[in-house]
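Student: Can you keep this structure in mind? I'll have questions shortly.
The values are calculated or read from the model by the stated rules, or taken from the named source; none is laboratory data. From a predicted model like this one, the values you see are computed outputs, not experimental measurements. Cβ: placed from backbone, ideal geometry, glycine included. Neighbour counts: every protein chain shown. Surface accessibility is based on the protein's heavy atoms, side chains included, excluding ligands, DNA and RNA. Shrake-Rupley method; radii C 1.70, N 1.55, O 1.52, S 1.80 Å.
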Amino acid sequence: MFQVSAPPISIFATIICLTLPFLPPILSLQSAVNVWPKPRLVSWPKPLARSLSTNFTINSPYHQNLQPAISRYLRLFRTEHHHPLITPSVNVSTSSPHLQTLSIDISDPTAPLQHGVNETYSLSISEEGETANLTAETAWGAMRGLETFSQLVWGNPSVVPVGLYIWDAPLFAHRGVMLDTSRNYYGVEDILRTIEAMSANKLNVFHWHVTDSHSFPLMVPSEPELAAKGAYGPDMIYSPSDVAKIVQFGLEHGVRVLPEIDSP
């Protein structure tokens, strides 16, 4: 039997050829914009920035889950004063007025957070004027745009890139994390912190494997003995109010809580 080995350069070329069709379509990226995950389209022809007003506000149509997200991001914009490891090489305009407002427009504010929901958004920050514009199909897309905007703000006093346009949409409808609290109990605050981190990375499904044969930490009011005898301990039980808190926290972060309840 004969074995033929391809030269290393041929293998490398093959890998490159197979990889190129799957790269995300970044259409215009002329200067580094540190946003994660990297948006599908970024246009920033001139590396310019200007100051963010200390009274910066966000205008948006009312949405019961978006409003807490807006309050959360406003606090972040005003207090974080992020200093990147590598300071962006940009010209900060001293003559342009401070950016005062982010205006959010949502096409379908009633769309529920479900599989396949439209999370597309576009963000435009002009060189002139006092308002930036975030346009999204749904409230969930608006949350993704808010996360992007938050990553663009840096310094003390805070500045933000201008002359910038971003369009983004997820490549995958399901972007999730699975946590098994049957085999390994995690407290409510740990779960909330996980959901918060997921939102910062624009993930949208928290698969919560609550129970299984290993333990049953979920309190079911109609069958309280399941948790009383099935949990690892009396301090390792999720009450109905704990579950409601986790689900609501997820909605306010654009993360759908998908519980899996397996019986012993």
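Student: Considering only protein heavy atoms, what is the solvent-accessible area of T54 at a probe of 1.4 Å, reported in Å² to the nearest 10?
Tutor: Roll a 1.4 Å probe over it and T54 shows about 120 Å².
Student: Calculate, axis by axis, the spread of Cα positions in the chain along the three principal axes, and write the results as whole Å, longest axis first.
Tutor: Its Cα atoms span 73, 68, 35 Å along the three principal axes.
Student: Using the Cα atoms of the range 41-168, I'd like the radius of gyration and the largest Cα-Cα distance, Dmax, both in angstrom.
Tutor: Gyration radius and largest Cα-Cα distance of the range 41-168: 14.4, 46 Å.
Student: What net charge do the residues around G250 carry, taking every other residue with its C-beta under 11 Å from that of G250, with Lys and Arg at +1 and Asp and Glu at -1?
Tutor: 0
Student: Taking the Cα centroid of the range 29-70 and of the range 81-148, what is the distance between the two, rounded to the nearest whole Å?
Tutor: Distance between centres, Cα-based: 3 Å.
Student: Report the net charge of residues surrounding S93, where surrounding means a beta-carbon distance below 15 angstrom and charges are Lys +1, Arg +1, Asp -1, Glu -1. Present the calculation step by step, with values, prior to reporting the outcome.
Tutor: Numbers: positive: K46, R50; negative: E127, E128, E130.
Summing Lys/Arg as +1 and Asp/Glu as -1 gives -1.
Student: Could you pull the accessible area for H81 with a 1.4 Å probe, rounded to 10 Å²?
Tutor: 60
Student: Name the residue, out of G141, G254, G176, whose mean-square fluctuation peaks in a Gaussian network model built on the chain with Cα pairs under 10 Å.
Tutor: G176
Student: Considering only A197, A69, A142, give the residue with the highest GNM mean-square fluctuation for the chain, with springs between Cα atoms whenever their separation is below 10 Å.
Tutor: Between A197, A69, A142, it is A197 that shows the largest mean-square fluctuation.
Student: If you count only protein heavy atoms and use a 1.4 Å probe, how large is the accessible surface of V247, to the nearest 10 Å²?
Tutor: Approximately 60 Å² for this residue.
Student: Then there's this: Putting +1 on Lys and Arg Cβ atoms and -1 on Asp and Glu Cβ atoms, find which of F149, S199, Q248 reaches farthest to the positive end of the dipole of the chain.
Tutor: Most positive-ward Cα: F149.
Student: Specify the angular offset, from 0 to 90 degrees and rounded to the nearest 10, of the alpha carbon long axis of helix 139-152 from the longest principal axis of the alpha carbons in the chain.
Tutor: Helix 139-152 and the main axis of the chain meet at about 60 degrees.
Student: I've got another one for you. Excluding residues fewer than 8 places away in the same chain, name every one of the lysines whose C-alpha is closer than 20 Å to that of K38.
Tutor: By straight Cα distance, K38 reaches K46, K202.
Student: Also, I was wondering about something else. Based solely on its DSSP helices, what 222 nm [θ] is calculated for the chain when runs of n ≥ 4 H residues each add -39,500 (n - 2.57) and the sum is averaged over all residues, nearest 500 deg cm²/dmol?
Tutor: After summing the helix terms and dividing by residue count, I get -8500 deg cm²/dmol.
Student: For the chain, with the dipole built from +1 on Lys and Arg beta-carbon atoms and -1 on Asp and Glu ones, taken about the Cα centre, which of Y185, N59, A227 lies farthest toward the positive end?
Tutor: N59
Student: Quick check for me: using +1 on Lys/Arg Cβ and -1 on Asp/Glu Cβ, what's the dipole size of the chain about its Cα centre, in debye to the nearest 20?
Tutor: Roughly 720 debye, rounded to the nearest 20.
Student: While we're looking at this one, here's another question. Under a GNM of the chain (C-alpha, springs under 10 Å), which listed residue has the highest mean-square fluctuation: Y62, Y73, Y238?
Tutor: Taking springs between Cα atoms under 10 Å, the residue moving most is Y62.
Student: If you don't mind, there's one more thing I want to ask. At a 1.4 Å probe radius, carbon and sulfur cover how many percent of the accessible area of the chain?
Tutor: 59
Student: Hey, can you find the accessible area per residue of the chain for me, probe 1.4 Å, expressed in square angstrom?
Tutor: Per-residue value: 54 Å².
Student: With a cut-off of at most 11 other beta carbons within 10 Å, and DSSP calling the residue loop, which chymotrypsin sites (Phe, Trp or Tyr not before Pro) in the range 102-185 qualify? Please list them.
Tutor: Working: sites: Y121, W140, F149, W154, Y165, W167, F172, Y185; in loops: F172, Y185.
Passing both the DSSP loop test and the Cβ count: F172.
Student: In what sequence, largest accessible area first, do R256, R75 appear using a 1.4 Å probe?
Tutor: My answer, sorted largest first, is R75, R256.
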